[in-house]
Amino acid sequence: MKVILWIGHGSRDPEGCRQFREMVLQMQKRLPDRRMECCFLEFETPDVQAGVDRCVAQGATEVTAIPVLLLDALHFTKDIPGELASARKRHPHLTLNYGAHLGFHERMLEVLLAGLLEAGEDPLGENGETAVLMVGLGSSDPVANSNFFKLARMLWERTSYEWVECSFISLTQPRLETGVERCLRLGAKQVIVLPYFLFTGKLYKRVVEIIRRKQEQHPDVPFRFTSCFGLNPLVLEVLEQRVAEAEAGTFTAYDHDWMRGLAQHRYGGEIP
């Protein structure tokens, strides 16, 4: 029997963990014939070992572990593989498939566009004085940090904004406060803050508080805010695809050729 194991990051904020569990419920509705369990890397129970044990207790002979993570930081490349290796030793007859993170996907770019629309923006309109400031969690993994910048560049190519800037809330530079000041020095008359977060939590709420203070410091510059997006049906669609890929032995989280035809408005309809 096959069981899907959704692996979340975990949060010290119960609201964030509730949102993750709601995502699992939504995935159960999308895949009603599949059995599922969920677990967390840290801050919440069950942990990954207990999650695998729960799958086995259901009668699983094959577990497809899907990391519900945006980028390929150390949790994806090191921590979860280590946990699954330990689980394999304890359950040697269990087939364990490891799926991809959300990564690069056209639907993930559409999620960002949807957030801008919900904030009252027209991503393809006249945006010469507006800056979009993306906010990532931040990592000690330089590849994950550089992929965040790549995603921001994709958003710039897809929209008409003068600036799409990057910042982080933890671990690395540029920090959010620096990102705000950069937008203002570049001449932005409005800043759209776009947190790249699936679920709420202490760090997401820190972003909200910092932007609130920045708005008080710069009352003449409107700051607008987009929400977490882990329950967006487009994200759920990508997660469903990651399950299918993991079970088929394929991996597309780094694919980006879909992007090539989405920036004609930047280049007069011609992309050499």
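Below is a table of values for the structure above.
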item: Rounded, prolate or oblate (a/c below 1.5 giving rounded, otherwise prolate when a/b exceeds b/c) for region 106-225 by Cα gyration tensor; result: rounded
item: Sites Glu126 and Arg185, calculated FRET efficiency, Cβ-Cβ separation with R0 22 Å, nearest 0.05; result: 0.50
item: Cα-based Lys pair tally, the chain, threshold under 27 Å, eight or more apart or on separate chains; result: 14
item: Alpha-carbon Debye profile of the chain, log10 I(q)/I(0) at 0.09, 0.12 Å⁻¹; result: -0.44, -0.75
item: Efficiency of FRET between Glu237 and Glu177 - r from beta-carbon atoms, R0 35 angstrom, step 0.05; result: 0.50
item: Calculated P(r) of region 176-272 - Cα pairs past 23 Å, %; result: 53
item: FRET efficiency, 1/(1 + (r/R0)^6) with R0 30 Å, evaluated for Ala50 and Ser140 via beta carbons; result: 0.70
item: Packing-based order for 56-66, 5-15, using average beta carbon neighbours within 10 Å, highest first; result: 5-15, 56-66
item: Distance between region 125-204 and region 224-272 - C-alpha centres, whole angstrom; result: 18
item: Cα-projected label distance for Thr61 with Ser160, points at 7 Å along beta-carbon direction, nm; result: 5.8
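Values quoted throughout were computed directly from the atomic coordinates according to the rules given, and no laboratory measurement underlies them. On a predicted model such as this, the values are computed, not experimentally measured, just so you know. In this analysis, Cβ positions are derived from the backbone assuming ideal geometry, glycine residues included, and neighbour counts consider all displayed protein chains.
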